[in-house]
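The values are calculated or read from the model by the stated rules, or taken from the named source; none is laboratory data. In this text the structure is predicted, and so the values were computed from the model without any measurement. Cβ placement follows ideal geometry from the backbone for every residue including glycine, while neighbour counts extend to all protein chains displayed.
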Amino acid sequence: MVLFSYPPHARVGKNLPKSKIYQHARVSASLRRKIIDQIARITWAYKLSPETVNLPGSPTVPEVEIFVVELKGNELAADVVRSIDNAIPFLAVYEVVSGNRTRVVAAYKRPSEADSSKWVTETYFETDWFPNSAERIPLFSSIDLGKLYEQMLTAMMPIGRRRDEAFPVTVARAGEIRRLEREAEKLNAKLRKEKQFNRQVEINAKLRDIKGQIEALSANK
């Protein structure tokens, strides 16, 4: 469960105009149309900072922003989420609302090694849909905002963190699992259409190999 109850004094409650996305991210005409068609409203809901959650920040995690993205329908394209992320120069977690249900989406972001003023966005994670009436849980107890950010993202991952595993390694492992799962989906689609037995055997062999890789990466030891 990763629908969090945020402290009232961390609330911001400001509307984020779509024009800000167009100004601060490279948005093509087709992407702009997606944003218009898919998103009803974006709200900067909460700001998790030393002042609002009484946890020290760090150079890599000075604060974490929580945005609520209300959809017009059921779809939120991956490039739309990335465009919002590109327009926001902070670490961000998104609560995506469609009707009476909510899911959480976020990517691991870190300062660029080449330019610390820029962020590198890595693997995106998302939860299942929850009813809006679902009970929310308090934020994790933590020693600083960096650890809190790691805990929040780990709760969204399809795997657990291995003992003594550095957080970026966990992210990379989860990202590789996602990549392999997408590859398996493509192979399964190809298998359903394949008529030749020898090709079916080849595809099944590849699927077994991918399954083995996913199992090895998913093991928490």
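Just a few scattered comments:
- The listed residue being in the same structural domain as Ile143 (by TED's automatic domain parsing) and closer than 17 Å to Ala107 by Cβ, out of Glu65, Glu70, Glu51: Glu65
- Within the stretch 81-101, the only residue that satisfies the criterion of being within 14 Å of the chain's Cα centre (by Cα), surrounded by fewer than 21 Cβ atoms within 10 Å (Cβ to Cβ) and touching a residue at least 60 places away in the same chain (Cβ under 8 Å) is Asn86.
- For the residues Ile143, Ile137, Ile214, the requirement of being in contact (Cβ under 8 Å) with a residue 24 or more places away in the chain and touching a helix residue (DSSP H, G or I) at 6+ places or on another chain (Cβ under 6 Å) singles out Ile214.
- Pair list, Cβ < 9 Å and 6+ apart or interchain, from the stretch 1-28 residues that are over 16 Å from Val93 (Cβ atoms) and in contact (Cβ under 8 Å) with a residue 60 or more places away in the chain to residues that are of a type in the set (Asp, Glu) and surrounded by fewer than 14 Cβ atoms within 10 Å (Cβ to Cβ): none
- Among the residues of the stretch 1-36, the one identified as among the hydroxyl-bearing types (Ser, Thr, Tyr), surrounded by 14 or more Cβ atoms within 10 Å (Cβ to Cβ) and under 23 Å from Ser49 (Cβ atoms) is Tyr6.
- Test set (1) over 19 Å from Thr123 (Cβ atoms); (2) exposed (fewer than 14 other Cβ atoms within 10 Å of the Cβ) - Ala78 fails condition number: (1)
- For the stretch 151-162, the condition of being of a type in the set (S, T, N, Q) and either part of a helix (DSSP H, G or I) or in contact (Cβ under 8 Å) with a residue 12 or more places away in the chain (or both) holds for at least one residue.
- Meets criteria (at pLDDT below 90 and closer than 20 Å to Val2 by Cβ) for Lys147: no
- Some residue of the stretch 55-74 being aromatic (Phe, Trp, Tyr) and free of Cβ contacts under 8 Å to residues at least 60 places away in the same chain: yes
- For the stretch 196-220, taking the residues that are assigned to a loop (DSSP other than H, G, I, E, B) and of a type outside the set (A, V, I, L, M), the one that is nearest to Ala184 (Cα to Cα) is identified as Gln196.
- Of all residues in the stretch 101-117, exactly one satisfies the criterion of being among the polar types (S, T, N, Q) and at pLDDT 95 or above, namely Thr102.
- Identity of the residue in the stretch 114-135, within 14 Å of the chain's Cα centre (by Cα) and not in a loop (DSSP other than H, G, I, E, B), that ends up farthest from Leu3 (Cα to Cα): Val120
- If the condition is being assigned to a helix (DSSP H, G or I) and of a type in the set (Asp, Glu), then the stretch 169-195 contributes Glu176, Glu181, Glu183, Glu185.
- For the stretch 23-74, a tally of residues being of a type in the set (Ser, Thr, Tyr), part of a strand (DSSP E or B) and closer than 26 Å to Ile143 by Cβ returns 1.
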